[in-house]
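The values are calculated or read from the model by the stated rules, or taken from the named source; none is laboratory data. A quick note: this is a predicted structure, and the numbers were derived from the prediction, not measured. Because the Cβ atoms are built from the backbone with ideal geometry, glycine has one as well, and the counts that use them run over all protein chains shown. Side chains are part of the model used for accessible areas, which takes the heavy atoms of the whole protein and leaves out ligands, DNA and RNA. Shrake-Rupley method; radii C 1.70, N 1.55, O 1.52, S 1.80 Å.
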Amino acid sequence: QRKLDKMKELKKAFLDLIFSQKLRFEGFTESWELRKFGDMADYKKGPFGSALKKEIFIPKSDDSVKVYEQQNAINKNWKLERYFITKSYAKKLNAFETHSGDILISCAGTIGEMYELPDESEPGIINQALMRVRVNEKVVSKKLYKLLFNHMIEDFSKEYSNGSAIKNIPPFADLKPMTAMVPSVEEQFQLSGFFANLDNLIALHQKKIDSLKEMKKILLKNMLI
């Protein structure tokens, strides 16, 4: 647990240093470009709750379309499913449809959890607690965008939370004008690789912790029989 906490703190420290440009990779001296989040991606929040009332849900079938929920973003799993709507009704909500490569972000309660839908994911419709993001990869890579977005959410939370948990993603009127410094494509590649290695180490430590907790649970159960 201490190793995991240390790696998370290390990642946070590197993010602060790199995005404030106090730390650069060797060989990169070009100035970073100021970009608005509205230029980096296209955003769509899910429909109002009244558009997805429980009475319209149907059992899964050949005529159904999946409704993506926060659990998909939080658990990083597109296969989780509870609700479905008819294909004809999904056509009316086509502005909220998802495709592989889209990024889902939880935007109420547990905010800022991000998940990129893999190639094998099935198309669906986002519910009111999700935001769909389609990154403009001519401006920024998806990997770097995720880092920039998470960093922005942390800063937003510190500024507006007043010590309490932020309950919602910033509204588009606030989100889109927000800015971040974006490096060249070559430096983006270096940054993405560096933080991917840190994320892999964090995931490895988390996996070990989860495994030990499960082992403890099993041992306790067997010992108390």
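Per-structure values
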{"item": "Pairwise centroid distance, computed over Cα atoms, of the stretch 165-225 with the stretch 102-122, Å", "result": "13"}
{"item": "Label point distance in nm, LYS207-GLN21, each placed 7 Å from Cα along Cα→Cβ", "result": "3.8"}
{"item": "Charge dipole magnitude, Cβ of K and R +1, D and E -1 - the chain, Cα centre, debye nearest 20", "result": "860"}
{"item": "Residues listed by number, the stretch 123-159, amide nitrogen under 14 Å from GLU30 label point at 7 Å toward C-beta", "result": "138-141"}
{"item": "Extreme residue, positive dipole direction of the chain, given options PHE189, ASN222, PRO171 (C-beta unit charges)", "result": "ASN222"}
{"item": "Accessible area of the chain belonging to carbon and sulfur atoms, whole % at 1.4 Å probe", "result": "54"}
{"item": "Segment SER184-PHE57, extension gain: residue separation times 0.36 nm, minus the distance between their alpha carbons", "result": "41.1 nm"}
{"item": "Solvent-accessible heavy-atom area per residue, rounded to whole Å², over the chain at 1.4 Å", "result": "61"}
